[in-house]
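Student: The structure's right below; bear with me while I get my questions together.
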Amino acid sequence: MDYKNDIGYRKETLKKLLYNIQKSEDLIVKALYDDFKKPEFEAVLTETNYVISELKDTIKNIHKWAKPKRIFPSLLNFPSTDYIYKEPYGKVLVIAPWNYPFQLALCPLISAVAAGNSVVLKPSELTPHTSAIITKIIQKTFHINHVEVFEGGVEVSNKLLAQRWDYIFFTGSVAVGKVVAKAAAENLTPVTLELGGKNPCIIDETADLKLAAKRIIWGKFINAGQTCIAPDYILIQKNMKINFLSFMMEEITKAYGKKMEKSPDFARIINTKNWLRLVNMIDPERVIFGGETDANALYIAPTLLEEPGLDSPVMKEEIFGPILPILTYETEEEIKNVISRYEKPLAFYVFSDNKSFAKKLITTYSFGGGCINDTVVHFSNKRLPFGGVGHSGIGAYHGRLSFDIFSHHKGVVKKGNWLDLPMRYAPYKDKLTAIKRILDWL
């Protein structure tokens with residue numbers, strides 16, 4: 001077993017993983033439902049199918065991605081040929097979250113394995129059914145010295161973080177991300193941190209409001225709003241608000257019915273702790289749609305809040321649930337006053353048919369990634385980097401980038417022996433003027 005150097009072995013192991021996932025897809029979907037009633041459509045679209053697609057793409061391209069890349073040499077080194085070699089970091093720790101517990105555990109694992117690393121995976125303890133089936137799949141697929149799963153709570157994560165790793169990949173909250181970064185710093189371990197933030201969604205007077213409402217409702221309430229790139233709040237041009245709200249209410253009802261608690265297409269909150277946190281964000285005086293809750297079912301209806309104060313609980317932190325505040329603006333300065341209150345977000349959305357306005361916004365503000373006239377879908381393109389900036393994360397991945405982040409890029413110059421210019425060697429007497437002329441010319 002030479003997973004570090006044998007690319008063929010890595011590829012065959014990933015093929016085995018693909019087979020085991022496809023064979024277990026129904027069980028994975030059931031586990032996701034058992035953990036927080038994730039609808040089958042969402043489970044397939046955002047979890048199993050996404051991972052299967054990532055696996056197929058990696059298997060197809062692994063030899064190309066791993067191949068040393070020849071680059072144009074420096075004339076200073078003439079004659080030479082120059083290469084970038086990609087080597088695995090070594091021992092990788094992947095700590096996965098609960099909101100997309102299958103996808104966000106398996107995708108970084110796939111790329112770490114493809115790049116030649118050994119991996120320890122820590123799935124979320126908040127999704128025990130999904131974590132259990134991940135463990136079974138990994139044990140069927142990999143030698144224990146290649147990939148191993150450690151289930152458990154915070155104490156397990158702390159013990160793992162106390163060990164020395166060659167790379168750490170973490171997806172989760174900003175608060176825990178800081179803990180991970182601090183632990184990694186003890187050994188100067190490189191990290192990728194996929195975090196979150198308050199993602200704005202700006203709508204101007206030129207937007208197609210009905211279409212915007214449909215796309216926002218889907219992006220916000222998929223997975224019951226428990227998505228790190230979901231729109232966190234709306235900023236809409238003031239005189240468009242009334243029409244927009246009517247479209248939003250209409251689209252929510254179309255999506256989940258009048259008795260939303262009965263809808264098979266709406267997930268539940270992951271646990272009581274998060275349910276209570278979200279319920280405390282709902283100011284009954286600001287509710288214009290939804291607001292119903294059920295502690296026993298961990299249910300919170302898709303909820304719209306009208307103009308909550310910027311100092312209110314719902315506007316102080318990332319919501320991460322099915323609550324959507326609707327704020328208004330009249331000037332671009334008012335947009336700036338709201339967005340600048342928060343750290344750089346993971347996602348940023350603009351709905352506008354005014355190209356210059358949209359371009360100005362996406363170039364003015366710093367954010368991880370986003371969309372113009374849609375939400376969330378930028379995540380689906382493997383050719384786009386996915387990652388945060390500042391407090392919303394460090395590093396980006398997806399597709400080939402995922403292979404690259406788990407690889408050390410090693411520059412190598414292969415020097416020819418048929419010519420050896422004496423200019424660089426000591427003694428340097430009378431050489432400085434000549435070498436400066438050469439360097440200026442280059």
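The values are calculated or read from the model by the stated rules, or taken from the named source; none is laboratory data. Quantities reported herein were computed from a predicted structural model and do not represent experimental measurements. Glycine also receives a Cβ, built like all others from the backbone with ideal geometry; neighbour counts cover every protein chain displayed. All accessible areas refer to the heavy atoms of the entire protein, side chains included, with ligands and DNA or RNA removed. Shrake-Rupley method; radii C 1.70, N 1.55, O 1.52, S 1.80 Å.
Student: How high is the relative contact order of region 200-380, given as a whole-number percent (alpha carbon pairs under 8 Å, six or more residues apart)?
Tutor: 29 percent
Student: Beyond 27 Å, how much of the Cα-Cα pair distribution for region 200-380 remains, as a whole percent?
Tutor: The proportion of pairs with Cα distances above 27 Å equals 20 percent.
Student: Okay, next question. Among 378, 301, 356, pick out the residue whose Cα is farthest towards the positive end of the charge dipole of region 200-380, where Lys and Arg carry +1 and Asp and Glu carry -1 on C-beta, about the Cα centre.
Tutor: Checked the options; the winner is 378.
Student: May I pose another question? Mind computing the radius of gyration and Dmax over the alpha-carbon atoms of region 24-113? Å is fine for both.
Tutor: 19.4, 64
Student: Give me the accessible area of residue 215, 1.4 Å probe, in Å² rounded to the nearest 10.
Tutor: 80 Å²
Student: When the accessible area of region 200-380 is computed with all protein chains present and a 1.4 Å probe, what percentage of it is carbon and sulfur?
Tutor: 51 percent
Student: With springs only between Cα atoms under 10 Å, which of 412, 156, 350 fluctuates most in a Gaussian network model of the chain?
Tutor: Evaluated over the chain, the most mobile residue of the options is 412.
Student: Another question, if that's okay. Rounded to the nearest 20 debye, what is the charge dipole size of the chain about its Cα centre when +1 sits on each Lys and Arg Cβ and -1 on each Asp and Glu Cβ?
Tutor: Dipole of the chain, to the nearest 20 debye: 2060 debye.
Student: Further question on the same structure: Indicate the gyration tensor shape class of region 107-219 (rounded, prolate or oblate), computed on the Cα atoms with a ≥ b ≥ c the square roots of the eigenvalues: a/c under 1.5 is rounded; otherwise a/b larger than b/c is prolate and the rest oblate.
Tutor: Prolate.
Student: Work out the length of the dipole vector of region 200-380 about its Cα centre, built from +1 on the beta-carbon of each Lys and Arg and -1 on the beta-carbon of each Asp and Glu, and round it to the nearest 20 debye.
Tutor: So the magnitude is around 460 debye.
Student: On the protein heavy atoms, probe 1.4 angstrom, tell me the percent of accessible surface of region 62-159 carried by carbon and sulfur. If you can, show how the numbers build up before the last one.
Tutor: Details: 2380 of 4100 Å².
Its accessible area is 58 percent carbon and sulfur atoms.
Student: Among 355, 220, 178, which one shows the biggest mean-square fluctuation in a GNM of the chain, springs joining Cα atoms closer than 10 Å?
Tutor: 355
Student: Describe numerically, in nm with one decimal, the distance between label points set 7 Å from Cα along Cα→Cβ at residue 69 and at residue 41.
Tutor: Result for the modelled spin labels: 4.0 nm.
Student: Turning to a different aspect of this structure: Hey, which of these cross-link pairs are over 27 Å Cα-Cα: 67/415; 91/316; 182/316; 38/122; 182/344; 86/136? Show your work: numbers first, answer last.
Tutor: On the way: 67/415 20 Å; 91/316 38 Å; 182/316 24 Å; 38/122 21 Å; 182/344 20 Å; 86/136 31 Å.
Pairs exceeding the cut-off: 91/316; 86/136.
Student: Excluding the sites themselves, what is the longest stretch of the chain that contains no chymotrypsin sites (Phe, Trp or Tyr not before Pro) in a DSSP loop with at most 10 other C-beta atoms within 10 Å?
Tutor: 1-417
Student: Given a 1.4 Å probe, how much area per residue of the chain is accessible, in Å²?
Tutor: So the chain comes to 49 Å² accessible per residue, rounded to a whole number.
Student: May I ask you to derive the FRET efficiency for residue 132 and residue 272 from their Cβ-Cβ distance with R0 = 30 Å, giving the value to the nearest 0.05?
Tutor: Working from the Cβ atoms, E equals 0.90.
Student: Whenever you get a sec, line up 261, 47, 155, 285 from highest to lowest accessible area (probe 1.4 Å, protein heavy atoms).
Tutor: On the way: 261 85, 47 0, 155 105, 285 170 Å².
So the residues, ranked largest to smallest area, are 285, 155, 261, 47.
Student: Positive end of the dipole of region 200-380, charges at C-beta (+1 Lys, Arg; -1 Asp, Glu), about the Cα centre: which of 288, 313, 227 has its Cα farthest in that direction?
Tutor: Value: 227.
Student: Hand me the trypsin sites (Lys or Arg not before Pro) from region 231-333 located in a DSSP loop with no more than 15 other Cβ atoms within 10 Å, in residue order please.
Tutor: When the trypsin sites (Lys or Arg not before Pro) of region 231-333 are filtered for loop state and at most 15 Cβ neighbours within 10 Å, 258, 259, 316 remain.
Student: Classify region 330-411 as rounded, prolate or oblate, taking a ≥ b ≥ c as the square roots of the eigenvalues of its Cα gyration tensor: rounded when a/c is under 1.5, otherwise prolate if a/b is larger than b/c and oblate if not.
Tutor: Values: a/c = 2.90, a/b = 1.85, b/c = 1.57.
It is prolate, given that a/c is not under 1.5 and a/b is the larger ratio.
Student: Region 313-374: which GluC sites (Glu not before Pro) are DSSP loop and have at most 11 other beta-carbon atoms within 10 angstrom?
Tutor: Counting only loop positions with at most 11 other Cβ atoms within 10 Å, the GluC sites (Glu not before Pro) in region 313-374 are 330.
Student: With all pairs of different alpha carbon atoms counted, what Kirkwood hydrodynamic radius in Å does the chain show?
Tutor: Numbers: mean 1/r = 0.0418 Å⁻¹.
Answer for the chain: a Kirkwood hydrodynamic radius of 23.9 Å.
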